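Worksheet for the structure shown next.
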Amino acid sequence: MDEKTLQGQTALVTGATSGIGRAAANALAAEGATVIVHGRDAARGAEVVEELEAAGADARFLAAELGDAGQVRELAAAAGEVDILVNNGGISAFGPTAELDIDRYEAMFAANDRAAFLLVAVLAPGMAERGRGSIISVSSMAGRVGLAGGAAYGGTKGALEAMTRAWAAEFGPRGVRVNAVAPGPVFTGTATPREFLEQLGATTALGRVAEPAEIAEAIRFFASPRASYVTGAVLAVDGGRTAI
Ligand SMILES: NC(=O)c1ccc[n+]([C@@H]2O[C@H](COP(=O)([O-])OP(=O)(O)OC[C@H]3O[C@@H](n4cnc5c(N)ncnc54)[C@H](OP(=O)(O)O)[C@@H]3O)[C@@H](O)[C@H]2O)c1
């Protein structure tokens, strides 16, 4: 694990100012990648950049609202040549279907799906031209299992997994691998209440909630040459929840 297999590569991690994204940024930096830390909060962005630099990595922060298509395109342009794209940033809003505000529904699909689509649209052709690249999207077990109150959020993640498979078909012939990680409940800065995460954690085979680093490990694997023959896959990192 000491081998820096991503030396000379640049990774863009969306939603890297917190939680799973921050852990993924650290894991990719530890593997030698230069990391572009994306988020909205410039102060936390600077803190993560400092953390990565202190660990010896090159890093910079780029701000963008993922719900705004123009800002997402600007983010992709400002990122430049990207070898590893981690579509992690996103929103989760749960609630009875009859009560979920349609604006929250639209905002979730914009941030969780449209932003990923736009980033892939701008960045994947360059990867294909260079003959290498790895795209990893962060899905959720909610994309697989029916959770009461999770129709819209689960819908965003089911769509992300479908796009992952289509992108694997589209870009695979030109050397770009596209995969997804589907976490179970994880303790992060998420607005999801802690008790709800703990209730979900209790339903997993391992009977607990995950830490962000446990999800980041799977992202690091997909990004690395150790996953050189893996594409179109969705890896459940959910304590066994979707297996039982
Ligand atoms: N936590 C869980 O239990 C869990 C389980 C399964 C899947 N996931 C998925 O894992 C991913 C990361 O979740 P997390 O729990 O680690 O999140 P988190 O701690 O709440 O952090 C979310 C990150 O995304 C950014 N972000 C959120 N909405 C954004 C928007 N509209 N525009 C730009 N940036 C935005 C935030 O940036 P700023 O704070 O700087 O604005 C932050 O960096 C999400 O896709 C989530 O659906 C989480």
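The values are calculated or read from the model by the stated rules, or taken from the named source; none is laboratory data. In this text, all values refer to a predicted model and were calculated from it rather than measured experimentally. Neighbour counts run over all protein chains shown; Cβ positions are idealised from the backbone, glycine included. Keep in mind that these areas ignore ligands, DNA and RNA; they rest on the heavy atoms of the full protein, side chains included. Shrake-Rupley method; radii C 1.70, N 1.55, O 1.52, S 1.80 Å.
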Counting only chymotrypsin sites (Phe, Trp or Tyr not before Pro) that are in a DSSP loop and have at most 16 other C-beta atoms within 10 Å, tell me the longest site-free stretch of the chain. 1-186
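Which loop-located trypsin sites (Lys or Arg not before Pro) does the range 29-86 contain, where loop means any DSSP state but H, G, I, E or B and the Cβ has at most 16 other Cβ atoms within 10 Å?
On the way: sites: 40, 44, 60, 73; in loops: 40.
Within the range 29-86, the qualifying trypsin sites (Lys or Arg not before Pro) (loop, at most 16 other Cβ atoms within 10 Å) are 40.
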List the trypsin sites (Lys or Arg not before Pro) within the range 166-243 that DSSP assigns to loop and that have no more than 16 neighbouring Cβ atoms inside 10 Å. 208
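Keeping the other protein chains in place, figure out the carbon and sulfur percent of the accessible area of the range 10-243, with a 1.4 Å probe.
Details: 5240 of 9800 Å².
Answer for the range 10-243 is 53 percent, counting heavy atoms of protein chains only.
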Quick one: if the Förster radius is 30 Å, what FRET efficiency do residue 40 and residue 81 give, using the C-beta to C-beta distance and rounding to 0.05? 0.80
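Relative to the compact globular guide of 2.2 N^0.38 Å, what is the alpha carbon radius of gyration of the range 79-209, as a ratio?
Numbers: Rg = 16.0 Å, N = 131, 2.2 N^0.38 = 14.0 Å.
For the range 79-209, the normalised Cα radius of gyration comes out at 1.14.
Classify the range 200-244 as rounded, prolate or oblate, taking a ≥ b ≥ c as the square roots of the eigenvalues of its Cα gyration tensor: rounded when a/c is under 1.5, otherwise prolate if a/b is larger than b/c and oblate if not. Can you show the working numbers first?
Working: a/c = 4.12, a/b = 1.91, b/c = 2.16.
Oblate is the answer for the range 200-244, as a/c is 1.5 or above yet b/c matches or exceeds a/b.
Counting other Cβ atoms within 10 Å of each Cβ, which GluC sites (Glu not before Pro) in the range 95-152 have at most 11 and sit in a DSSP loop?
Of the GluC sites (Glu not before Pro), the ones in loops of the range 95-152 whose Cβ has at most 11 other Cβ atoms within 10 Å are 99.
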Roughly what angle does helix 115-130 make with the longest principal axis of the chain, taking Cα atoms, 0 to 90 degrees, to the nearest 10? 30
Which net charge results for the neighbourhood of residue 128, defined as the other residues with beta-carbon distances under 13 angstrom from its beta-carbon, given Lys and Arg at +1 and Asp and Glu at -1? 0
Taking only Cα atoms, what is the 0 to 90° angle, nearest 10, from helix 69-79's long axis to the longest principal axis of the chain? 30
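How much length is gained if the chain between residue 165 and residue 194 is pulled fully straight, taking 0.36 nm per residue apart and subtracting their Cα-Cα distance, in nm to one decimal? Walk me through the numbers before you get to the answer.
On the way: separation 29, 0.36 × 29 = 10.44 nm, distance 3.20 nm.
Gain in length upon complete extension: 7.2 nm.
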For the chain, find the longest principal axis of its Cα atoms and tell me its angle to the long axis of helix 19-30, 0 to 90°, nearest 10. 20
State the percent of C-alpha pairs, over all pairs in the range 10-243, separated by a distance greater than 29 angstrom. 21
